[in-house]
Amino acid sequence: MKLVFDPAFDRSVWRGDAANKKPASAGEEWVGPAGLLGILETQLGLGGPSFPDVERAAELVPLLFKTEGFWSRSFQNDALATARTLLHWRDTLCMYGWQGQPVSPRLKQLAVVTQSILPGQPDRLRTVLTALSKCDVEIESISRYAPLDDLPGLWIAVFAALKARGTAVLDIKVVVAPAKGNLLAAREKGFSPAIRDDSLQFLDTPGPLDAAERVAAWIAGLDDPSGVLIIGGDSVLDTALRRYGLPTTGGSNTTPDDTLLQVLPLVLAAGWSP
């Protein structure tokens with residue numbers, strides 16, 4: 001198996017010229033952190049359910065309710081948001097090597113209240129690292145767009161472990177796309193747009209439905225839309241593109257968290273504080 005990795009590849013991926021130069025891509029997959037983690041867990045026999053952050057936060061809420069800490073005043077105003085923020089802090093620290101060391105009073109409280117939560121990405125990565133010290137994986141190579149220094153510490157350790165197990169880890173040099181006018185100048189600090197230069201355009205609309213309609217209409221009006229690249233397409237834009245007879249992006253209409261769990265705290269809040 002050959003992999004191409006970038007943190008942005010957990011959503012749909014445009015393979016560009018790389019896909020056009022080969023008649024097929026069997027045995028090759030483009031993955032982001034979630035995709036690569038899933039492949040590693042499967043090959044190492046660690047497969048299991050992954051828990052969305054909102055579910056992990058919901059489990060943390062009862063613990064925060066009965067534990068006094070630096071978060072208590074915020075918790076009184078918005079319990080779930082406080083739990084999600086604490087989880088985000090904890091996971092970010094763990095991705096860069098923190099393992100619950102009580103180096104300050106706040107970190108000590110954070111470590112205690114989150115020590116028995118549902119596993120997140122850092123916990124799963126540590127399990128993968130432990131397994132990689134004993135087992136091999138069938139990954140021939142990983143071509144990486146993201147520079148190693150831009151990745152969190154646990155991912156750096158995972159790539160080092162894969163390399164030690166015989167996986168070739170290659171860095172891809174990204175070629176800077178040609179540009180001119182405002183589009184080129186916007187790459188530098190202190191950008192001030194020049195007048196009468198349409199190389200960079202800003203679209204301001206009242207909502208996503210109107211934005212999708214305008215973008216689709218603009219693309220449909222081009223003489224040759226084959227050079228259009230859409231980044232971050234979704235189902236709303238795809239619906240508009242389909243109405244104009246244009247190719248769609250395949251954007252998913254699913255959210256990373258369970259929709260019902262997103263609505264639940266709003267319903268409870270409306271019942272308690274109308």
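The values are calculated or read from the model by the stated rules, or taken from the named source; none is laboratory data. The structure presented is a predicted model; accordingly, all values stated were derived computationally and were not measured. In this analysis, Cβ positions are derived from the backbone assuming ideal geometry, glycine residues included, and neighbour counts consider all displayed protein chains. Surface areas here come from the heavy atoms of the whole protein model, side chains and all, with no ligands, DNA or RNA. Shrake-Rupley method; radii C 1.70, N 1.55, O 1.52, S 1.80 Å.
Rounded to the nearest 10 Å², what accessible area does residue 29 show when all protein chains are kept and the probe is 1.4 Å?
Roughly 80 Å² of residue 29 is accessible to a 1.4 Å probe.
Please work out how much accessible surface residue 136 shows to a 1.4 Å probe, ignoring ligands, DNA and RNA, in Å² rounded to 10.
Number for this one is 100 Å².
What residue among 129, 118, 264 shows peak mean-square fluctuation when the chain is described by a Gaussian network model with Cα springs under 10 Å?
For the chain, modelled as a Gaussian network with Cα springs under 10 Å, the answer is 264.
Ordering 9, 51 from largest to smallest accessible area (1.4 angstrom probe), what's the sequence?
51, 9
Which of the following values of P(r) over Cα pairs in 10 Å bins from 0, in percent was calculated from the structure shown: [x] 7, 27, 28, 16, 11, 5, 3, 2, 1, 0; [y] 6, 23, 23, 16, 12, 10, 7, 3, 1, 0; [z] 5, 20, 25, 26, 19, 5, 0?
Here the calculated entry is [z].
For the chain, what does the helix formula give at 222 nm: sum of -39500 (n - 2.57) over DSSP H segments with n ≥ 4, over the residue count, nearest 500 deg cm²/dmol?
-13500 deg cm²/dmol, from helical runs alone.
Just to confirm a number: summing +1 for Lys and Arg and -1 for Asp and Glu over residues other than residue 205 whose beta-carbon lies under 13 angstrom from that of residue 205, what do you get?
Result for the local shell: -2.
When only the heavy atoms of the protein chains count and the probe is 1.4 Å, how do 50, 199, 141 rank by accessible area, highest first?
So the residues, ranked largest to smallest area, are 50, 199, 141.
Could you report the accessible area of residue 117 in Å², rounded to 10, computed with a 1.4 Å probe on the protein chains as they sit in the structure?
Rounded to the nearest 10, that gives 20 Å².
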